[in-house]
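Colleague: Take a look at the following structure, please.
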Amino acid sequence: MAWTIAQWRARATDNPLTIAGRGCGIAASGHFFQEQAMLTREMISNPHFLETFQDHPEQPRWSADSIQSSLDDTLALRKEKGAVWIFGYGSLVWNPLIEHSAMERAVLRGWHRSFCLKLLDGRATRERPGRMLGLVAGGETTGFAFRVEQHNLNQELRLVWLREMVHGLYRPQWEEVRLASGRTVRALAFVAENRHPLFQQDASVATAAENIAHACGPLGSNRQYLIRLEASLAGHGIHDDYISEVARAVCMGVER
């Protein structure tokens, strides 16, 4: 079910209710919440969207101006004019939200998936920290490339930046990806910002699984994200050993 912005904003207040994702099992004021949140265009476009995220000293929330500056700086480095390709490797695969004219399976070489970012909000809290997926150097990643046309580029990229850059945990950069059709295009890829204080060197299967298994926040459980990711990749015939191993470790830990 999709929440309204008012329901979701409850997390940004001192409301004692902790809205947990499906299967979180968090008790809040004597109740268990089993609702499942899903980001929508309406939520992200709401002027109060950024206020729904906590502003921690170790995870400062970016201002709307900072997010726009990051977008402008990234576009200034673009070599080609016209449409832009965006490489999706996580939630963009099952919930892209952006209006796109084409979606193709794509391979990004030189980067691999990693739960290397400590998560304190969204699908986690400071009391129940989790892990956010990023890209780190080495190997390759199979995902999807989304083509966004020039006529609505600013609107759609603004949506992507608000979604991905709330805490500056990523570094958007231009990378070459190989499309299933055989073409090579330059695409935007959000790689993990390894200079951020919440970047974690230890993103091993065991460590990531331990964090993900117990983390819950206003957008649901961290493990629900993992389950969706693995299922979505599998549904497209994509196998990522690391993701599968983390999912297996989380399931084994939950069952114990």
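The values are calculated or read from the model by the stated rules, or taken from the named source; none is laboratory data. Fair warning: this is a prediction, and the values are worked out from it, not measured in the lab. So basically every Cβ, Gly included, is an ideal-geometry build from the backbone, and we count neighbours across all protein chains shown.
Colleague: Taking R228 as the residue in question, decide whether it is touching a residue at least 24 places away in the same chain (Cβ under 8 Å) and within 23 Å of V148 (Cα to Cα). Give the steps one after another, and end with the answer.
Modeller: Values: touching a residue at least 24 places away in the same chain (Cβ under 8 Å): yes; within 23 Å of V148 (Cα to Cα): no.
No: the conditions fail for R228.
Colleague: From the residues in segment 99-127 that are closer than 23 Å to E156 by Cβ and assigned to a loop (DSSP other than H, G, I, E, B), which one is modelled with the lowest pLDDT?
Modeller: Only one residue tops the list, namely G122.
Colleague: Oh, and also: Give me a count of the residues in segment 114-134 that are of a type in the set (K, R) and buried (at least 24 other Cβ atoms within 10 Å of the Cβ).
Modeller: Restricting attention to segment 114-134, the residues satisfying the condition of being of a type in the set (K, R) are 118, 123, 126, 128, 131.
The next check asks that each one be buried (at least 24 other Cβ atoms within 10 Å of the Cβ); those that pass are 123, 131.
Result for segment 114-134: 2.
Colleague: With segment 189-256 as the region, which helices (runs of 4 or more DSSP H) entirely inside it contain at least 2 residues that are over 16 Å from S91 (Cα atoms)? Quick ask: steps written out before the conclusion?
Modeller: Working: elements: 205-214, 222-235, 241-255.
Passing ranges, in order: 205-214, 241-255.
Colleague: List the pairs whose first member sits in segment 41-54 and is farther than 19 Å from I98 by Cα, whose second member is modelled with pLDDT of 90 or more and of a type in the set (V, I, T), and whose Cβ atoms are under 6 Å apart, counting only residues at least 6 apart or on separate chains?
Modeller: F53/V166
Colleague: Output yes when any residue across segment 230-239 is acidic (D, E) and more than 19 Å from P129 (Cα to Cα), and no when none is.
Modeller: Filtering segment 230-239 for residues acidic (D, E) gives 230.
Remaining after also requiring more than 19 Å from P129 (Cα to Cα): 230.
Yes, because at least one residue in segment 230-239 is acidic (D, E) and more than 19 Å from P129 (Cα to Cα).
Colleague: Quick check on segment 142-157. Is at least one of its residues surrounded by fewer than 18 Cβ atoms within 10 Å (Cβ to Cβ), touching a Lys or Arg at 6+ places or on another chain (Cβ under 8 Å), in contact (Cβ under 8 Å) with a residue 40 or more places away in the chain and assigned to a helix (DSSP H, G or I)?
Modeller: yes
Colleague: Moving on to the next point. Does segment 82-98 contain at least one residue that is in a loop (DSSP other than H, G, I, E, B), over 28 Å from H239 (Cβ atoms) and at pLDDT below 95?
Modeller: There is at least one residue in segment 82-98 that is in a loop (DSSP other than H, G, I, E, B), over 28 Å from H239 (Cβ atoms) and at pLDDT below 95.
Colleague: Within segment 177-229, how many residues are among the β-branched types (V, I, T), in contact with a strand residue (DSSP E or B) (Cβ under 8 Å, 6 or more places away or on another chain) and under 15 Å from P129 (Cβ atoms)? So that I can check it myself, show each step before the final result.
Modeller: Let us first name the residues in segment 177-229 that are among the β-branched types (V, I, T), namely 177, 184-185, 191, 205, 207, 212, 227.
Next, from what is left, pick out any that are in contact with a strand residue (DSSP E or B) (Cβ under 8 Å, 6 or more places away or on another chain): 177, 184-185, 191, 212.
Now drop any that are not under 15 Å from P129 (Cβ atoms), which leaves 212.
The qualifying residues number 1.
Colleague: Moving to a separate point now. Restricting attention to segment 168-226, and to residues there that are within 26 Å of I67 (Cβ to Cβ) and among the basic types (K, R), which single residue is surrounded by the most Cβ atoms within 10 Å (Cβ to Cβ)?
Modeller: Selected residue: R171.
Colleague: Considering only residues that are in contact with a Phe, Trp or Tyr (Cβ under 8 Å, 6 or more places away or on another chain) and either at pLDDT below 95 or over 16 Å from E193 (Cβ atoms) (or both), which ones fall in segment 143-165?
Modeller: Answer for segment 143-165, where residues must be in contact with a Phe, Trp or Tyr (Cβ under 8 Å, 6 or more places away or on another chain) and either at pLDDT below 95 or over 16 Å from E193 (Cβ atoms) (or both): G143, F144, A145, F146, R147, V148, L162.
Colleague: For segment 128-142: of the residues being among the charged types (D, E, K, R) and touching a helix residue (DSSP H, G or I) at 6+ places or on another chain (Cβ under 7 Å), which is modelled with the highest pLDDT?
Modeller: R131
Colleague: Right, here's the next one. What tally of residues in segment 162-188 results from selecting those that are within 23 Å of L233 (Cα to Cα) and in a helix (DSSP H, G or I)?
Modeller: Final tally of qualifying residues: 2.
Colleague: Starting from residues that are among the β-branched types (V, I, T) and in contact with a helix residue (DSSP H, G or I) (Cβ under 8 Å, 6 or more places away or on another chain), keep the ones in segment 143-173 and report whichever is nearest to K79 (Cα to Cα).
Modeller: We begin by selecting, within segment 143-173, every residue among the β-branched types (V, I, T); these are 148, 160, 166.
Next, only the ones that are in contact with a helix residue (DSSP H, G or I) (Cβ under 8 Å, 6 or more places away or on another chain) stay: 148, 166.
Numbers: V148: 16, V166: 26 Å.
Ranking the qualifying residues of segment 143-173, first place goes to V148.
Colleague: Which is of a type in the set (A, V, I, L, M, F, W, C) and surrounded by 18 or more Cβ atoms within 10 Å (Cβ to Cβ), of M43, M38, M103?
Modeller: Details: M38 fails: surrounded by 18 or more Cβ atoms within 10 Å (Cβ to Cβ); M103 fails: surrounded by 18 or more Cβ atoms within 10 Å (Cβ to Cβ).
Among M43, M38, M103, only M43 is of a type in the set (A, V, I, L, M, F, W, C) and surrounded by 18 or more Cβ atoms within 10 Å (Cβ to Cβ).
Colleague: A further question follows. So which residues in segment 180-211 are more than 30 Å from A102 (Cβ to Cβ) and within 14 Å of the chain's Cα centre (by Cα)?
Modeller: Step one: of segment 180-211, the residues more than 30 Å from A102 (Cβ to Cβ) are 194-211.
Within segment 180-211, none qualify.
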